[in-house]
Amino acid sequence: MVNIPNLITVVRAFIVPLFIMAVHYSNFKVALILFIIAALSDAFDGFLARRLQQITTVGIIMDPLADKALIDSAFVVLSYIHKIIPPWLTILVISRDVLIIVGGWLLTVFNKVDRIKPILIGKFTAFSQFLTIFFTLLCLNFNNFYLDIFLKFLYPFTGGMTVISGISYVVIGIRELGSE
């Protein structure tokens, strides 16, 4: 269904390749602006969907995919092209997302699609991943000593959150697959 929240999600999805190009070509100011627009649109489309009571199946599927595309691509280009984010963190983030996607697919195959719901630790993890990208881009734009020190603590924190939420999703998924 075409509605304003879904259109905002589509726009966010189209921002992803522009963001990747900006980071790839070291245009970190544009990358930061695009990332902020994408992050704000993520919050805004969800708010609008709930407020206008326009939550759709398309939106439920597209919104997290657009988020994962933005987060995962940001981690990849900032880790492997610019070698800023540690590769171990990128591997954790992408592995967790693959687990979630495979788990969602399995629940769908076993006709338990109605049981696919985000959990609170998953939302906190996504937020910490967004913060990690945001502060990394800030550091690239402003080359601040304090931002660099902050990132040294933020990377392991985000890694820990990613592992904990990944394990949580696996445990919940196994429980749901085993239930009638």
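The values are calculated or read from the model by the stated rules, or taken from the named source; none is laboratory data. The model shown is predicted, which means the values in this text are computed figures rather than measured ones. Neighbour counts are summed over all protein chains in view; Cβ atoms, including those assigned to glycine, are modelled from backbone coordinates with ideal geometry. For the accessible areas, the whole protein counts, side chains as well, though only heavy atoms, and no ligand, DNA or RNA atoms are used. Shrake-Rupley method; radii C 1.70, N 1.55, O 1.52, S 1.80 Å.
Apart from one condition, P17 fits all of (1) surrounded by fewer than 14 Cβ atoms within 10 Å (Cβ to Cβ); (2) at pLDDT 95 or above; (3) closer than 18 Å to Q129 by Cα; the exception is (3).
I'm told F47 meets every condition in (1) open to solvent by 60 Å² or more (accessible area, probe 1.4 Å); (2) not in a helix (DSSP H, G or I) except one. Can you identify the failing condition by its number? Of everything listed in (1) open to solvent by 60 Å² or more (accessible area, probe 1.4 Å); (2) not in a helix (DSSP H, G or I), F47 misses just condition (2).
Out of curiosity, is A69 surrounded by 14 or more Cβ atoms within 10 Å (Cβ to Cβ) and either over 20 Å from S165 (Cα atoms) or over 12 Å from the mean Cα position of the chain (by Cα) (or both)? Taking the combined requirement at face value, the residue does not satisfy it. When the test is whether a residue is open to solvent by 40 Å² or more (accessible area, probe 1.4 Å), within 15 Å of the chain's Cα centre (by Cα) and at pLDDT 95 or above, S95 passes it.
Looking at the stretch 72-89, which of its residues are more than 17 Å from V11 (Cβ to Cβ), surrounded by fewer than 20 Cβ atoms within 10 Å (Cβ to Cβ) and in contact (Cβ under 8 Å) with a residue 12 or more places away in the chain? Matches in the stretch 72-89: D72, V76, I81, H82, I84, P86, W88. Among the conditions (1) modelled with pLDDT of 85 or more; (2) surrounded by fewer than 16 Cβ atoms within 10 Å (Cβ to Cβ); (3) assigned to a helix (DSSP H, G or I), V58 misses just one, which is (1). In the stretch 20-44, the qualifying residues are those that are small (G, A, S) and more than 16 Å from S73 (Cα to Cα), and the one that is surrounded by the fewest Cβ atoms within 10 Å (Cβ to Cβ) is A43.
Tallying residues that are without any contact (Cβ under 8 Å) to a residue 60 or more places away in the chain, of a type in the set (A, V, I, L, M) and crowded, with 16+ Cβ neighbours inside 10 Å within the stretch 103-120 yields 1. When I8 is tested against the conditions (1) open to solvent by less than 20 Å² (accessible area, probe 1.4 Å); (2) hydrophobic (A, V, I, L, M, F, W, C); (3) under 18 Å from the mean Cα position of the chain (by Cα), the lone failure is (1).
Residues in the stretch 82-92 that are at pLDDT 90 or above and of a type outside the set (S, T, Y): K83, I84, I85, P86, P87, W88, L89, I91, L92.
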